[in-house]
Amino acid sequence: MSYTKNYVNWIDGLTKDQFDDFIKAFIMDYWKIETVSITDGTNDGGIDVKIIEDKKSKKIPIQITVDKNLYGKLGKDLTKVSKLIDEHDYSNSFFFYYSKGASEDKVIDLVDLAREDFSIDLKLFDNKLIATYLDKPNFYRSRESLRQVFGDFFNDEESYFDENQKMYFDYLSYADDSQELKERFITSFILNEFYKSSDNETTIGSIVEKVKKEFGAQTSENYCARLINLLSTNKKIEKCTNGNFKLTDSERRLIKEIRENSKLSEREFSSKLQNLINKKDSELEIRLVIEKLNAIFESQHEIDISEISSLTSEEGTNKEIKEFYDYVKGCFGESLNYKQFLEDVFNLCIENNFLAKISAGKLFKNLMDNPEFSEYSRRTNKEVFIDTPVLIYLLLVLKEKDYKYDNYKFKIAKELFDLISSDDESACYNTTQHYIKELGDYFKNAARLIPIQESGLFDSLGGSKNEILNFYMSLKKDKIFTNSFKEFIESFGVNVSRIESDEQNNYLDQYLIRLFKDNGISIDDVPAYNTDFYNKYDYGRIEKTIAEIYSRSGISRKPRSLKFDSLLFMHIYSIKEDLVDPTVITWDKSFNLFRKEFQPKNPNFRYWHLFTPGKFLDHISLLKFKINGGAISNEILSMIETDYEVIKRVRKLSDVLTSIIDLKSSSGINLTKGLADIRETYVYEINKEHDEKVDSTEIQPVDEAVSNLVDYYSSSIGKYNFDDFVESLRDQSVINQLLVMLEDEMNYFIKYNKLSTKYKKRFDKIIKVSKSSEL
C-alpha cells in the first residue's frame with residue numbers, strides 16, 4: 001500500500017479548519033520554524049499566514065484554500081498579492097496551498113499566468129506535491145497533524161513487561177555509543193541469547209537463525225560473524241575449544257547484575273504504584289494504569305510534571321495523557337483526589353525510570369516494524385550521485401574486482417559496485433560529465449608518473465598518493481601483474497601515446513563514459529548554470545558558500561574542482577523532475593559543511609541526502625533490515641584518511657612534480673634525482689641522530705617545502721604567479737639553485753625543527769634573475 005496515495009486522499013478530505021491546521025504544521029516543518037499565525041479573514045490584506053522567525057514576520061505571501069474553483073480563487077489572490085508586493089515590499093514568491101489535486105497542465109498554466117501577467121513566482125502546492133514531503137523524517141509535525149484527524153498509522157503491540165523488551169533497553173544502555181543504535185539493539189539481543197543458553201555456549205548458526213526469527217531479517221552469516229568477532233574483541237564473549245562461543249565471566253556477571261537491577265526496579269515500581277492505588281478510594285486497576293502510562297511514555301520521551309496542572313484544559317494536551325486523565329478522573333467519581341493521584345503517579349515515574357526504559361525499547365522495535373518505515377524502504381529508483389574520489393576506486397574495482405587489495409576504500413567500492421551491478425532497484429546511480437573529466441585528469445596524472453616509476457626513484461621520492469600507481473605497486477608486489485607501469489595503464493584499454501597527445505582529454509573522457517555507462521552508472525550532462533541567466537545568481541551563492549567554507553577550514557582546492565562541485569549542487573536543486581530521495585555519496589567532508597550551512601538558509605531548495613560510501617551501503621541495508629557486514633568496522637578509517645583533492649599543506653613529491661615539470665625532460669630528470677638525493681640525505685642524518693627511525697615513505701620537510709612553494713605561487717600571494725614558477729623550472733640553472741636552496745632548508749630544519757621563513761622570497765629572487773636574463 002502506498003502511503004503517498006493515502007496522504008493525497010486524506011488531505012483531499014480535510015475541512016477548511018483542518019486544512020488550515022495541517023498547513024500550519026507543514027509550514028513549520030518546511031521552513032523549520034516554531035511560530036506560524038493564521039491570519040485568514042476580511043482584513044488579512046490578501047495573506048492567510050504570517051511566518052514568525054527570530055521575532056520578525058517574514059513578508060512572504062501565502063494563501064490556503066480548499067475551494068474547488070482553483071482558477072477563480074487564484075486569479076483574485078494574484079491581484080491582491082501583486083498589490084502587496086508593490087505597496088508593502090512583500091516577496092514576489094507566492095506560496096499557494098491547495099487541498100485538492102491539480103493536473104500538471106493546469107499547474108503550468110497557472111505558473112505561467114502568474115509570471116507573465118503579474119511578475120510573480122508562484123509556488124503551487126497541491127495535495128500531490130504536499131504528499132511527497134510527508135515521508136521525510138523532518139515533517140513529523142505534518143504527519144502528526146493528519147494523525148490527529150485520521151488516527152494512528154502505527155500498529156502497536158499489546159504486550160507489556162515482556163522479558164526480552166526489558167532486556168533490549170538494558171543492554172542498549174550499556175552499549176558503546178559509537179555503534180549504530182540498531183546494531184546495539186541486535187547486539188543486546190545476541191548477548192541475551194548467550195546468557196539464556198542452557199549450556200552457556202552457542203554457535204554462530206544458532207545466533208543467525210534466532211536473529212532472523214526475531215527481526216524477520218535476511219541476516220547473513222557473515223554479518224553475524226562480524227558482530228561475534230566484535231563482541232570477542234571487546235571481551236564480552238570468548239571462543240570455546242569446540243568452536244562455539246560463550247560469555248566471558250565478567251560479562252556474565254555484568255548481565256546478571258543488569259537483570260537483577262531491572263527486576264528489582266520493576267518490583268519496586270509495581271509495589272509503589274499499588275500502594276498509591278490502595279491509598280485512594282477509587283476503582284483504579286493497576287493493569288490499566290500501566291497500559292495507559294506505557295502509551296504516554298511511548299508517545300513522548302519525557303514527561304513534564306507542570307503539564308499535569310493543565311490537564312483540565314483539553315486544548316493542546318497530549319492525547320495519551322488526556323486519555324489517562326479521563327480514565328483516572330472517571331475512577332474517582334465525584335472525588336477531587338484524582339489530581340493528587342495523577343501528580344503522585346508521574347512523580348513515581350520520574351523517581352523510578354523502569355516504565356520509561358521499557359517503553360523506549362518497545363518504541364524502537366515498533367519503529368523498525370512499522371508499516372510507514374516498510375513503505376519507505378520499498379521506494380525504488382532513488383537518485384544517487386557519485387563524485388570523483390568514489391569513481392577512482394570504482395575504476396580500480398572494474399580493473400581487478402577479485403583482487404584482495406588491503407585498502408579500506410577499495411573494499412567499500414567493491415561492495416558498492418556489487419550493489420550497482422545487482423538487480424537491486426533501490427537506486428539509480430549517476431555522475432556528471434565534470435567528474436568524468438576530473439577522473440580523466442587523475443588518470444592522466446598517473447600516466448605522467450611513468451618516468452618516475454621506471455627510473456627506480458619512486459620510493460626515494462616518498463611514493464605517491466595517486467591510487468592508480470599505488471594499486472599497480474600492490475599488484476606487482478603480490479605478483480598479480482608483473483609488467484611495467486606503462487603496460488598496466490594500457491591494460492585498462494587505453495593508449496598512453498594518445499593520452500599524452502590529447503590535451504583536452506577527449507579521448508580519456510569518452511573511454512571513461514563508455515566504461516561507466518556499461519557498468520550501470522549514468523552520466524548527467526550538467527548545464528552551464530554558472531552562465532545561465534536564470535540560474536547564475538543561485539549558482540553564485542552556492543559557489544561563494546563553498547569557497548568561504550574552504551577559506552575558514554584552511555582547505556586549498558583547485559578552482560575547477562570548486563566549480564564542478566557547485567555545478568553538481570545546482571544541478572540537484574534545478575532538475576525539473578521529482579527526484580526520489582536525491583543522494584550524494586562522497587568521502588569529501590566539505591560537502592557536509594556546505595549542506596549544513598546552505599540548506600537551512602534556503603528551505604525552498606530541494607533537500608538531498610549525503611553519505612560516505614560505507615554509510616550509504618548501511619543505509620540501503622537498513623532499509624531492507626540488513627546491515628553491511630563487510631567493512632563497517634573500518635568506517636572510522638575513512639574519517640581520518642585524506643580526502644581526494646582536499647589538499648592539506650603537504651603533498652607527495654611525485655604528485656607535485658607532475659603538475660610543475662615535464663618529467664621526461666632533462667630538467668625534470670635532474671630535479672627528480674636531486675630531490676630524491678635530498679630526501680635520502682635528510683633521512684640518513686635524522687636516523688643517525690635519533691633512535692626512532694624515520695620512514696622514507698612518510699612526508700618529509702622537503703616535501704613540505706616544495707608543496708608550500710606550489711601553493712605560494714598558485715595563490716598569487718607574492719609578486720610572481722604559478723605560470724612564472726613553472727616557466728622558471730625549464731632553466732637548468734634554476735633547477736640547480738632550487739636544489740641548493742632546498743638543501744639549505746633541510747639543514748635549517750635539522751637544526752631548528754622547522755622550515756625557515758625566507759625560502760619563498762629567496763626563490764622569488766631566483767625567478768627575477770631568470771626573467772631578467774631572458775630579456
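Under the condition of being part of a loop (DSSP other than H, G, I, E, B) and in contact with an Asp or Glu (Cβ under 6 Å, 6 or more places away or on another chain), which residue from the range 101-134 is surrounded by the most Cβ atoms within 10 Å (Cβ to Cβ)? Only one residue tops the list, namely 102.
Take the residues of the range 135-147 that are of a type outside the set (A, V, I, L, M) and assigned to a helix (DSSP H, G or I): which is most open to solvent (accessible area, probe 1.4 Å)? Working first, answer last.
From the range 135-147, those of a type outside the set (A, V, I, L, M) are 135-145, 147; that's our starting set.
Subsequent filtering for residues that are assigned to a helix (DSSP H, G or I) retains 140-145, 147.
Working: 140: 125, 141: 51, 142: 0, 143: 31, 144: 70, 145: 23, 147: 35 Å².
Of everything passing the filter in the range 135-147, 140 is most open to solvent (accessible area, probe 1.4 Å).
Check the range 420-429 and report whether any residue there is farther than 30 Å from residue 665 by Cβ, among the small types (Gly, Ala, Ser) and without any contact (Cβ under 8 Å) to a residue 12 or more places away in the chain. Yes - at least one qualifying residue is present in the range 420-429.
Restricting the range 717-765 to residues that are of a type in the set (Lys, Arg) and open to solvent by 80 Å² or more (accessible area, probe 1.4 Å), which is farthest from the chain's Cα centre (by Cα)? The qualifying residue farthest from the chain's Cα centre (by Cα) is 765. Only one entry in 384, 397, 390 is closer than 16 Å to residue 583 by Cβ, part of a helix (DSSP H, G or I), modelled with pLDDT of 60 or more and not polar (S, T, N, Q), namely 390. The residue list 692, 704, 641 contains one member that is surrounded by fewer than 19 Cβ atoms within 10 Å (Cβ to Cβ), modelled with pLDDT under 70 and closer than 25 Å to residue 550 by Cβ, which is 641.
The set of residues in the range 490-508 being part of a helix (DSSP H, G or I) and farther than 19 Å from residue 393 by Cβ consists of 490, 496, 497, 498, 499, 500, 501, 506, 507.
Among residues that are open to solvent by less than 80 Å² (accessible area, probe 1.4 Å) and not β-branched (Val, Ile, Thr), residue 768 is not included.
Take residue 43 and decide whether it is at pLDDT below 75, farther than 25 Å from residue 79 by Cβ and either open to solvent by less than 20 Å² (accessible area, probe 1.4 Å) or not basic (Lys, Arg) (or both). No; evaluated as a whole, the condition is false for this residue.
What do you reckon, is residue 429 modelled with pLDDT of 90 or more, of a type in the set (Phe, Trp, Tyr) and either touching a Cys at 6+ places or on another chain (Cβ under 6 Å) or within 16 Å of residue 611 (Cβ to Cβ) (or both)? For residue 429, the condition - modelled with pLDDT of 90 or more, of a type in the set (Phe, Trp, Tyr) and either touching a Cys at 6+ places or on another chain (Cβ under 6 Å) or within 16 Å of residue 611 (Cβ to Cβ) (or both) - is met.
Out of all the residues in the range 584-602, which are part of a loop (DSSP other than H, G, I, E, B) and open to solvent by 30 Å² or more (accessible area, probe 1.4 Å)?
589, 600, 601
Considering the conditions (1) touching a Ser or Thr at 6+ places or on another chain (Cβ under 6 Å); (2) open to solvent by 20 Å² or more (accessible area, probe 1.4 Å); (3) over 12 Å from residue 387 (Cα atoms), residue 612 is excluded by exactly one of them, (3). When residue 405 is tested against (1) open to solvent by 20 Å² or more (accessible area, probe 1.4 Å); (2) assigned to a helix (DSSP H, G or I); (3) modelled with pLDDT of 85 or more; (4) not charged (D, E, K, R), just one condition goes unmet, and that condition is (2).
Here residue 169 meets each of (1) under 29 Å from the mean Cα position of the chain (by Cα); (2) in a helix (DSSP H, G or I); (3) over 20 Å from residue 235 (Cβ atoms); (4) at pLDDT 70 or above with one exception, condition (4). Scanning the range 88-100 for residues that are open to solvent by 20 Å² or more (accessible area, probe 1.4 Å) and either among the basic types (Lys, Arg) or in a strand (DSSP E or B) (or both) gives 93, 100.
Taking residue 199, is it at pLDDT below 80 and open to solvent by 50 Å² or more (accessible area, probe 1.4 Å)? The answer is yes for residue 199. Restricting attention to the range 437-450, does a residue exist that is more than 29 Å from the chain's Cα centre (by Cα), of a type outside the set (Ser, Thr, Tyr), open to solvent by less than 30 Å² (accessible area, probe 1.4 Å) and over 30 Å from residue 674 (Cα atoms)? For the range 437-450, residues more than 29 Å from the chain's Cα centre (by Cα), of a type outside the set (Ser, Thr, Tyr), open to solvent by less than 30 Å² (accessible area, probe 1.4 Å) and over 30 Å from residue 674 (Cα atoms): absent. Just one residue in the set 29, 20 is closer than 22 Å to residue 606 by Cα, at pLDDT 80 or above, open to solvent by less than 40 Å² (accessible area, probe 1.4 Å) and in a helix (DSSP H, G or I); that residue is 29. Cβ separations smaller than 8 Å between residues 6+ apart or across chains give the following pairs from the range 387-401 residues that are charged (D, E, K, R) to residues that are open to solvent by 10 Å² or more (accessible area, probe 1.4 Å) and part of a helix (DSSP H, G or I): 401/414; 401/417.
Residue-wise test of (1) open to solvent by 60 Å² or more (accessible area, probe 1.4 Å); (2) in a helix (DSSP H, G or I); (3) more than 30 Å from residue 712 (Cβ to Cβ); (4) free of Cβ contacts under 8 Å to residues at least 60 places away in the same chain.
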site: 479; (1), (2), (3), (4): yes, no, yes, yes
site: 488; (1), (2), (3), (4): no, yes, yes, yes
site: 512; (1), (2), (3), (4): no, yes, yes, no
site: 516; (1), (2), (3), (4): no, yes, yes, no
site: 528; (1), (2), (3), (4): no, no, yes, yes
site: 532; (1), (2), (3), (4): no, no, yes, yes
site: 542; (1), (2), (3), (4): no, yes, no, yes
site: 547; (1), (2), (3), (4): no, yes, no, yes
site: 550; (1), (2), (3), (4): no, yes, no, yes
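The values are calculated or read from the model by the stated rules, or taken from the named source; none is laboratory data. Quantities reported herein were computed from a predicted structural model and do not represent experimental measurements. Here the Cβ is made from the backbone with ideal geometry for all residues, glycine too, and neighbour counts use every protein chain on show. Keep in mind that these areas ignore ligands, DNA and RNA; they rest on the heavy atoms of the full protein, side chains included. Shrake-Rupley method; radii C 1.70, N 1.55, O 1.52, S 1.80 Å.
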